[in-house]
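Each remark here refers to the structure printed beneath this line.
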Amino acid sequence: LVDLIDDAITNSRYKFGEKGIVLDTDIAEDNLPIEADPEAIQQVINQLIQNAYLVSPNDGSVRVVARHEASVPIPSNNGHSEIIRDVVYVAISDEGGGVPPEELKRVFSGLYRADSPLIAGIGETGAGMSIARALIEAHGGKIWIESTQGVGNTFKFILPSTHPYTKTNVPAEAAKAE
């Protein structure tokens, strides 16, 4: 995953530089192993970074965070959080002013129409984010947005980790019984 993030950042640096946008990274480990189609996950990362570029003001900043997490609370539709364990966590934050609360449901909407107006606070109609959600969910992950009106957005996603210490070991009693 780290290589995919590095590739997306490397490919974006020039255009970010043209707008004076600082790309800040906080990648906690050299290796964040996931079992996934690299092209699909690259598409998601590119989409989120492209969106951050589109909405960020000149001389703004975009932050990319990636790390292994033992547990992450995921917001659910009923207002509660679900705890997901042993994941690779990625967050991409922008300073694009945020998405109005009434537009948040459209961000990942698959109900794209060509005449749909752009969603305020993200640089598109939601079609690209809908694809990103489908790709992340197809890999057993979750994707969501946290938005602060007047400040910006943080798009977050998690994927199951294949880190060796997250694997469940067979209990000693079961191993002896075989």
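The values are calculated or read from the model by the stated rules, or taken from the named source; none is laboratory data. On a predicted model such as this, the values are computed, not experimentally measured, just so you know. So basically every Cβ, Gly included, is an ideal-geometry build from the backbone, and we count neighbours across all protein chains shown.
Taking region 132-153, which residues are β-branched (Val, Ile, Thr) and more than 18 Å from Val55 (Cβ to Cβ)? Within region 132-153, Ile136 is the sole residue that qualifies. Among the conditions (1) under 25 Å from Glu137 (Cβ atoms); (2) exposed (fewer than 11 other Cβ atoms within 10 Å of the Cβ), the only one that Gln47 does not satisfy is (2). So which residues in region 56-75 are among the aliphatic types (A, V, I, L, M) and either assigned to a helix (DSSP H, G or I) or farther than 16 Å from Thr154 by Cβ (or both)? Once the filter is applied, which keeps residues that are among the aliphatic types (A, V, I, L, M) and either assigned to a helix (DSSP H, G or I) or farther than 16 Å from Thr154 by Cβ (or both), region 56-75 yields only Ala70. Residues in region 78-94 that are out of contact with any helix residue (DSSP H, G or I) (no Cβ under 6 Å at 6 or more places or on another chain) and either of a type in the set (Ser, Thr, Tyr) or more than 19 Å from Ala8 (Cα to Cα) (or both): Asn78, Gly79, His80, Ser81, Glu82, Ile83, Ile84, Arg85, Val87, Tyr89, Ser93. Checking each residue in region 16-38 for being in a helix (DSSP H, G or I) and surrounded by fewer than 12 Cβ atoms within 10 Å (Cβ to Cβ) picks out Gly17, Glu18. Selection within region 90-143: residues that are modelled with pLDDT under 80 and of a type in the set (Val, Ile, Thr). The member of this set that is surrounded by the most Cβ atoms within 10 Å (Cβ to Cβ) is Ile122. Exactly one residue out of Tyr53, Tyr89 is under 23 Å from Ile131 (Cβ atoms), in a strand (DSSP E or B) and not acidic (Asp, Glu): that is Tyr89.
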